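S.K.: Pasting a structure here, questions to come.
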Amino acid sequence: MSDMESHRSGQDTVDTPGTAKAQSVRRGGGAPGTRGRTTIADGVVEKITGMAARDVAGVHAMGSGMSRTFGAVRDRVPGGAKSGVTRGVKAEVGEKQTALDLEIVVEYGVSIADVAQDVRENVVAAVERMTGLEVVEVNIAVSDVKLPDEEDEEPEPRIK
């Protein structure tokens with residue numbers, strides 16, 4: 001085997017004392033991409049899911065009315081627990097798979113079935129592309145419908 005062939009195959013040729021032939025020794029334990037483990041936190045998957053769900057036309061907000069109200073207050077408090085992106089999203093993440101639960105508010109007049117299907121497709125595509133995890137299920141609970149004349153529950157900030 002030539003030096004170039006040895007280099008391409010990932011093997012080093014080593015001359016050992018007392019032998020007339022060179023031995024091939026594999027070093028490093030395989031391809032660099034397979035060494036070690038990658039873990040993805042639930043919160044990472046929740047953020048990706050929240051962003052992907054909000055991108056779908058017909059989704060007005062995420063979470064129930066009460067969680068949105070508490071979230072608006074929590075967002076104003078420094079060090080608040082959850083970011084607004086993850087509101088209404090719960091993820092269970094394993095080593096290779098994830099399951100997602102979403103709570104959404106839809107705009108009045110849209111087909112809830114179509115919005116739910118679009119949310120599922122967008123979320124699955126985004127999570128699988130970004131994390132490599134298999135999304136085994138996306139459960140969607142529609143908690144409210146935003147009527148055209150309804151005020152948003154989150155008050156406008158005083159400072160812009």
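The values are calculated or read from the model by the stated rules, or taken from the named source; none is laboratory data. Because the structure is a prediction, the values reported are computed rather than measured. Here the Cβ positions follow ideal geometry from the backbone for every residue, glycine too, while neighbour counts run over all protein chains shown. We work out accessible area using only protein heavy atoms, side chains counted, and drop any ligands, DNA or RNA first. Shrake-Rupley method; radii C 1.70, N 1.55, O 1.52, S 1.80 Å.
S.K.: Examine region 76-85 for a residue that is open to solvent by 70 Å² or more (accessible area, probe 1.4 Å), in a loop (DSSP other than H, G, I, E, B), modelled with pLDDT under 90 and of a type in the set (A, V, I, L, M), and state whether such a residue exists.
M.R.: Scanning region 76-85, I find at least one residue that is open to solvent by 70 Å² or more (accessible area, probe 1.4 Å), in a loop (DSSP other than H, G, I, E, B), modelled with pLDDT under 90 and of a type in the set (A, V, I, L, M), so the answer is yes.
S.K.: Among all residue pairs at least 6 apart or on different chains, which show Cβ distances below 6 Å where the first residue, located in region 122-143, is in contact (Cβ under 8 Å) with a residue 24 or more places away in the chain and more than 15 Å from residue 93 (Cα to Cα) and the second is open to solvent by 40 Å² or more (accessible area, probe 1.4 Å) and not acidic (Asp, Glu)?
M.R.: 142/112
S.K.: Let me ask something else. Scan region 95-121 for residues that are open to solvent by 60 Å² or more (accessible area, probe 1.4 Å) and within 14 Å of residue 45 (Cβ to Cβ) and jot them down.
M.R.: 95, 96, 97, 101
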